[in-house]
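**Q** Submitted below is the structure of interest, expressed as structure tokens.
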Amino acid sequence: MTTTTLDRTAPTDVPVLDILAARWSPRAYDETATVDEGALARALEAARWSPSAYNSQPWRFIVARRGSEAFAGLSAALVEFNAAWATRAGVLIAAIAETENEAGRANVTAQYDLGQAVAHLSVQAHHDGLFVHQMTGFDPAVVSERFSLADRFRPFTLLALGEAGDPEILPDAMRERELAPRERRALAETVLVND
């Protein structure tokens, strides 16, 4: 059984859009699959059109396809745990926030806005049959150095993007996490005030 046939739909407290309930973050990727360029472009376009404070659009992406020099560069930044599975994905993406403008003025919402852009990217990718897993387990300094990023650009997350693979390829502990029931804190515990 592959993850593409698994029903990973979230058991939501109230109904949400099907695409949001179905979206999840696998670690098992099909290392033989090539990512559809149209689907990748649509995911990046969805990110481009996400909202940002003052329309500052402080997000930037390094998109690296498996087998490329850029992919090797992003792979080198991963912590060992993430490198064990993420390098099977067809694409690695560095999500980068422009934390200040060229004049040196800080953008205090850059991280928030980048998060929205990545959320839009993730939902569009899932709509097109691709899966995204976001990671903070990487060394941002390696990304900055390898790609000669200016100081105002800060890598915040790496994304594995590709087609889902068979969870049997994963080590036991990772496979158990992959197949475990999806859980979230109850909505009533998340909303602090609902007056």
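**Q** Cβ-Cβ below 7 Å, separation at least six or inter-chain, first residue in the range 35-46 and within 11 Å of Arg65 (Cα to Cα) and free of Cβ contacts under 8 Å to residues at least 60 places away in the same chain, second surrounded by 14 or more Cβ atoms within 10 Å (Cβ to Cβ) and β-branched (Val, Ile, Thr): which pairs?
**A** Listed by first residue and then by second, the contacts come to nothing, as the list is empty.
**Q** Looking for something in contact (Cβ under 8 Å) with a residue 24 or more places away in the chain, of a type in the set (Ser, Thr, Tyr) and under 22 Å from Trp24 (Cα atoms) - is there at least one such residue anywhere in the range 133-156? Please lay out each step first, then the result.
**A** Quick first cut of the range 133-156, residues in contact (Cβ under 8 Å) with a residue 24 or more places away in the chain only: 133-135, 137-140, 142-143, 146-147, 149, 152-156.
Next, only the ones that are of a type in the set (Ser, Thr, Tyr) stay: none.
There is no residue in the range 133-156 that is in contact (Cβ under 8 Å) with a residue 24 or more places away in the chain, of a type in the set (Ser, Thr, Tyr) and under 22 Å from Trp24 (Cα atoms).
**Q** Starting from the range 81-96, keep only residues that are farther than 28 Å from Arg152 by Cβ, then list their pairs with residues that are β-branched (Val, Ile, Thr) whose Cβ atoms are within a distance under 7 Å, requiring at least 6 positions of separation or different chains.
**A** Gly90/Thr34; Gly90/Val35
**Q** Could you check the range 134-168 and list, in sequence order, the residues that are surrounded by fewer than 17 Cβ atoms within 10 Å (Cβ to Cβ), in a loop (DSSP other than H, G, I, E, B) and not charged (D, E, K, R)? Walk me through it before giving the result.
**A** Initially, the range 134-168 is screened for residues surrounded by fewer than 17 Cβ atoms within 10 Å (Cβ to Cβ), giving 136-137, 139, 141-142, 145, 148, 150-151, 166, 168.
Checking the rest, the ones that are also in a loop (DSSP other than H, G, I, E, B) come to 136-137, 139, 148, 150-151, 166.
Of everything in the range 134-168, those that are surrounded by fewer than 17 Cβ atoms within 10 Å (Cβ to Cβ), in a loop (DSSP other than H, G, I, E, B) and not charged (D, E, K, R) turn out to be Thr136, Gly137, Ser148, Ala150.
**Q** Collect the residues in the range 99-133 that are assigned to a strand (DSSP E or B) and over 16 Å from the mean Cα position of the chain (by Cα), keeping them in residue-number order. Spell out how you get there, then give the answer.
**A** We begin by selecting, within the range 99-133, every residue assigned to a strand (DSSP E or B); these are 100, 106, 131-133.
Residues satisfying the conditions are Glu100, Ala106.
**Q** Looking at (1) assigned to a loop (DSSP other than H, G, I, E, B); (2) modelled with pLDDT of 95 or more; (3) under 17 Å from the mean Cα position of the chain (by Cα), which is the only condition Ile62 fails?
**A** It fails just one condition, (1).
**Q** Need pairs with beta-carbon distance below 8 Å; first residue touching a residue at least 40 places away in the same chain (Cβ under 8 Å) and within the range 174-186, second assigned to a helix (DSSP H, G or I) and of a type in the set (Gly, Ala, Ser); sequence gap 6+ or separate chains.
**A** Filtered contacts from the range 174-186: Met174/Ala84.
**Q** Being more than 12 Å from Leu161 (Cβ to Cβ), in contact with a Ser or Thr (Cβ under 9 Å, 6 or more places away or on another chain) and at pLDDT 95 or above: is that true of Ser68 here? It would help to see each step written out before you state the result.
**A** On the way: more than 12 Å from Leu161 (Cβ to Cβ): yes; in contact with a Ser or Thr (Cβ under 9 Å, 6 or more places away or on another chain): no; at pLDDT 95 or above: yes.
Judged against the criteria, Ser68 is not a match.
**Q** From the list Trp85, Trp24, exactly one residue is under 15 Å from the mean Cα position of the chain (by Cα), modelled with pLDDT under 95 and more than 22 Å from Phe147 (Cα to Cα). Which is it? Break it down into steps so the answer makes sense when it comes.
**A** Working: Trp85 fails: modelled with pLDDT under 95.
Among Trp85, Trp24, only Trp24 is under 15 Å from the mean Cα position of the chain (by Cα), modelled with pLDDT under 95 and more than 22 Å from Phe147 (Cα to Cα).
**Q** Next question, about the same structure. Got a sec? Which of Ala106, Ala110 is farther than 30 Å from Ala173 by Cα, of a type outside the set (Val, Ile, Thr), touching a strand residue (DSSP E or B) at 6+ places or on another chain (Cβ under 6 Å) and surrounded by fewer than 16 Cβ atoms within 10 Å (Cβ to Cβ)? Break it down into steps so the answer makes sense when it comes.
**A** Values: Ala110 fails: surrounded by fewer than 16 Cβ atoms within 10 Å (Cβ to Cβ).
Sole residue among the options that is farther than 30 Å from Ala173 by Cα, of a type outside the set (Val, Ile, Thr), touching a strand residue (DSSP E or B) at 6+ places or on another chain (Cβ under 6 Å) and surrounded by fewer than 16 Cβ atoms within 10 Å (Cβ to Cβ): Ala106.
**Q** So, Leu170, is that one touching a residue at least 60 places away in the same chain (Cβ under 8 Å) and within 27 Å of Glu98 (Cα to Cα) or not?
**A** Working: touching a residue at least 60 places away in the same chain (Cβ under 8 Å): yes; within 27 Å of Glu98 (Cα to Cα): no.
Considered against the rule, which asks whether it is touching a residue at least 60 places away in the same chain (Cβ under 8 Å) and within 27 Å of Glu98 (Cα to Cα), Leu170 comes out as no.
The values are calculated or read from the model by the stated rules, or taken from the named source; none is laboratory data. Model, not experiment: these values are computed from the prediction. In this analysis, Cβ positions are derived from the backbone assuming ideal geometry, glycine residues included, and neighbour counts consider all displayed protein chains.
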